[in-house]
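Report on one structure; see the data block that follows.
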Amino acid sequence: MNTEAAIKDYIHSQPEPKRSELETLHHFMLKIMPEGKLWFLDGKNSDGKIVSNPNIGYGLQMIHYADGKSREFYQIGLSANTTGISVYIMGISDKNYLNATYGKTLGKAKVTGYCIKFKTIKDIDLTVLESAIRFGLEQV
């Protein structure tokens, strides 16, 4: 299955209203990054064991590890979770930046070093979310 089909299947596997909100956010991301690489991670490790929620990824960056190895990975991630939706903004070195810069104006969301988690998109300001995403994209 190709990446776009896997993303579509993942979104459609979600119950409403999460399905519609993920679809809205997916199109939101495609407008921000029309030429960005698409990813789909099913949440399973190489042994087929579930280790995380499935993720839709956008963009491309190189992650460098302490052991000297590196690999390609997405810049922005989108995932359903048990209580709502998470947006992952990868590659920000200052783990306080997202919360300090966007936390107060984003709306009803939990903001950590690289994750913005919210129950519904009605709870957040999408203009502020876009600003946070664009900041993250500039970090590569």
Find how many whole Å separate the alpha carbon centroid of the range 65-97 from the alpha carbon centroid of the range 109-139.
-> 12 Å
Taking a crude spin-label model, label points 7 Å out from Cα along the C-beta direction, the Glu35 to Lys119 distance in nm is 4.1 nm
Calculated FRET value between His64 and Glu16, using beta carbons and R₀ = 35 Å, to 0.05 = 0.30
Projected onto the charge dipole of the range 82-140 (+1 at Lys/Arg Cβ, -1 at Asp/Glu Cβ, origin at the Cα centre), which of Ala109, Asn99, Val87 gives the Cα projection farthest towards the positive end?
-> Ala109
Give me D for the range 15-72 in µm² s⁻¹, whole number, from Stokes-Einstein with Rh from the Kirkwood sum over alpha-carbon pairs, 10 °C and 1.306 mPa s.
-> 117 µm²/s
Among (1) 232; (2) 95; (3) 119, which one is volume of the Cα convex hull per residue in Å³ computed from these coordinates?
-> (3)
Using only Cα atoms, what Kirkwood radius does the range 43-125 have, in angstroms?
-> 14.1 Å
Alpha-carbon radius of gyration plus Dmax, which is the widest Cα pair, for the range 78-134 in Å = 10.3, 29
Could you work out the helix-only [θ] at 222 nm for the chain, with each DSSP H run of four or more residues adding -39,500 (n - 2.57) and the total divided by the number of residues, to the nearest 500 deg cm²/dmol?
-> -10500 deg cm²/dmol
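Every read-out reported here was derived from the displayed coordinates using simple, explicitly stated rules and does not represent laboratory data. Computed from a predicted model, the values in this text were never measured in an experiment. Cβ sites come from the backbone with ideal geometry, for glycine too, and all protein chains shown count toward neighbours.
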